[in-house]
Amino acid sequence: MSKQFDVVVIGGGPGGYIAAIRAAQLGFQVACVDEWKNAAGGPALGGTCTNVGCIPSKALLQSSEHFDHANHHFAEHGISVGKVQMDVGQMLARKDLVVKQNNDGIQYLFKKNKVTFFHGRGAFVGSTDAGHTVQVSGATEETLTAKHVIVATGSNARALPGTPFDEVNVLSNDGALRVGAVPKKLALIGSGVIGLEMGSVWRRLGADVTILEGLPTFLGAVDQQIAKEAKKAFDKQGLKIELGVQVGEIKVGKKGVSVAYTNAKGEALVLDADKLIVSIGRVPNTNGLNAAAVGLALDERGAIVVDADCKTNVSGIWAVGDVVRGPMLAHKAEEEGVAVAERIAGQHGHVNFNTVPWVIYTSPEIAWVGRTEQQLKADGVAFKAGTFPFLANGRARALGDTSGMVKVLADATTDEILGVHIVGPQASELIAEAVVAMEFRASSEDIARICHAHPSLSEATKEAALAVDKRALNF
Ligand code: FAD
Ligand code: NAI
């Protein structure tokens, strides 16, 4: 006997669990199916983001940053702590606790919002007049039917052909977050977001880290002035990044991994390391979903094909987050989840893809929203640019972190802000002001005229906006 719901959500990551909560808020009977298991085999809601993504990586970044500060920055404040030691086991245990708090938080939210949770894998069975039927198997065995199904099954790490993840020597993001001791030598392939964040964690803890990147340009999607500034900082920290390489044979032995590659000069080299993290992007996940049973269309990458409203080719089936087109970001998944729930309720759910912020949580942090200088040039848009370095910001000096800058790009005629790019301390928090400004279609003059607290890092944003009109006050 099938259980009838108004909405069934498959996947309990940020796209799915948020869609489920919003749908329940709107008065629907909602079920959410998620298969993720914690170490004890129990449910672990929150998907990639909570279990092996955003949350645990930020926990390790925080721990390793404390270690780095204690080693290299406490002395300048007059603090002496003797020999600083790292207990990797304790760091991982703390990270696991942070993950569990988030898992439990989502279970609590489901109870509070009366979302019925099923722990197991959801697979399509077919469609009838009663709706679409989903079979749950695993810890729970159940058949669910609903007029609306939201697929939020996320993504998986992409492996290099011929080199599967063993999570001992060849690590995906999952294994990279569970390394039990600081490796002497760590190799990474791909200097994208994961490569830089995980490379930073283990470098700060003392590993000799080399990242091999296929493209000749460092962070090609980032404003190149910002990317260059970030690269300078990473070089200074000793994070070795080799651009324009071609990775060849990878040999995995008992003692580690050796990566044969050709560098940008065409020289054939071998990189030996204790561990290898492969961070070359992620692939949409529809494993076990049995998409064919309902005729769900997938594209050549395996992503579920959706329109701008997250509607699939099958009426009543929607898809959000990493399993569809667009940036693979938790907040993008969440926005789509909310918008879909609202559309099911007949409301005008809305996602503005032009104002989705990006953050890379390295030190300095990198954050941006809107178009880069190179994109504006390619689009033939006339723009004015204003930059302001944290070196000239009082709060940054007091913090002891003056690396980087804020850059504001505005339309040359209307002064509307087209992009804001930040590399520097707390860029992840500073970018929110830029997102709000762009949502309200503010001009650079608007930010320049707003009173910002002193001393604060946000004054750098105001000064960069003033600089668009060549009237920065403190530089
Ligand atoms: P997911 O979070 O992948 O969730 C999908 C869920 O569906 C999983 O629980 C999975 O088990 C479940 N599932 C799949 N198939 C089925 C099925 N058939 N039946 C039942 N359940 C199923 N993004 C940010 O915005 N900020 C960050 O700082 C950030 N850091 C990251 C760090 C790392 C190391 C990684 C790997 C990713 C990071 N991301 C970050 C990206 C972010 O994790 C994803 O964009 C986000 O998790 C996507 O959400 P989602 O709901 O689409 O999918
Ligand atoms: P990515 O797309 O950010 O970077 C992959 C890098 O690998 C690229 O620079 C690419 O040129 C390179 N590459 C690809 N194939 C290669 C090869 N064969 N040899 C050498 N280099 C190769 O992907 P990543 O780092 O795996 O992260 C996946 C996604 O997860 C991100 O794009 C992002 O959407 C999300 N994420 C977000 C975070 C955040 O918001 N702070 C943190 C971590 C991940």
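Scanning the stretch 154-190 for residues that are farther than 22 Å from G302 by Cβ, in contact with a Leu (Cβ under 9 Å, 6 or more places away or on another chain) and within 14 Å of ligand 1 (Cβ to nearest atom) returns L171, A176, L177, R178, V179, L188. When the stretch 33-57 is filtered for residues that are near ligand 1 (Cβ under 9 Å from one of its atoms) and in a strand (DSSP E or B), the ones remaining, listed by number, are V33, D34, K37. If you go through the stretch 337-359, how many residues are within 9 Å of ligand 1 (Cβ to nearest atom) and farther than 21 Å from A437 by Cα? The total comes to 1.
Restricting the first member to the stretch 144-171 and to residues that are at positive phi, and the second to residues that are of a type in the set (V, I, T) and within 16 Å of ligand 1 (Cβ to nearest atom), the beta-carbon pairs closer than 8 Å and six or more apart or on different chains are G154/T48; G154/V323. Consider the stretch 271-303 and keep the residues that are within 21 Å of I250 (Cα to Cα) and in contact with a Gly (Cβ under 6 Å, 6 or more places away or on another chain). The one that is farthest from ligand 2 (Cβ to nearest atom) is D274. Scan the stretch 234-280 for residues that are surrounded by 11 or more Cβ atoms within 10 Å (Cβ to Cβ) and part of a strand (DSSP E or B) and the total you get is 25. Pairing residues of the stretch 277-296 that are closer than 13 Å to Q135 by Cα with residues that are of a type in the set (F, W, Y) and buried (at least 20 other Cβ atoms within 10 Å of the Cβ), at Cβ distances under 6 Å and at least 6 apart in sequence or on separate chains, gives N290/F124; A293/F124; V294/F124.
Among the candidates A176, A152, A187, the residue that is within 22 Å of G46 (Cβ to Cβ), surrounded by 21 or more Cβ atoms within 10 Å (Cβ to Cβ) and not assigned by TED's automatic domain parsing to the domain that holds H66 is uniquely A176.
Residues that are in contact with a His (Cβ under 9 Å, 6 or more places away or on another chain) and touching a residue at least 12 places away in the same chain (Cβ under 8 Å) number at least 1 in the following helices (runs of 4 or more DSSP H) confined to the stretch 396-475: 427-439, 458-468. If you filter the stretch 272-306 down to residues that are closer than 20 Å to G162 by Cα and touching a Phe, Trp or Tyr at 6+ places or on another chain (Cβ under 9 Å), you find that the one that is farthest from ligand 1 (Cβ to nearest atom) is K275.
The values are calculated or read from the model by the stated rules, or taken from the named source; none is laboratory data. Bear in mind the structure is a predicted one, so any value in this text is a computation, not a measurement. Positions of Cβ are backbone-derived with ideal geometry, glycine not excepted, and every protein chain shown enters the neighbour counts.
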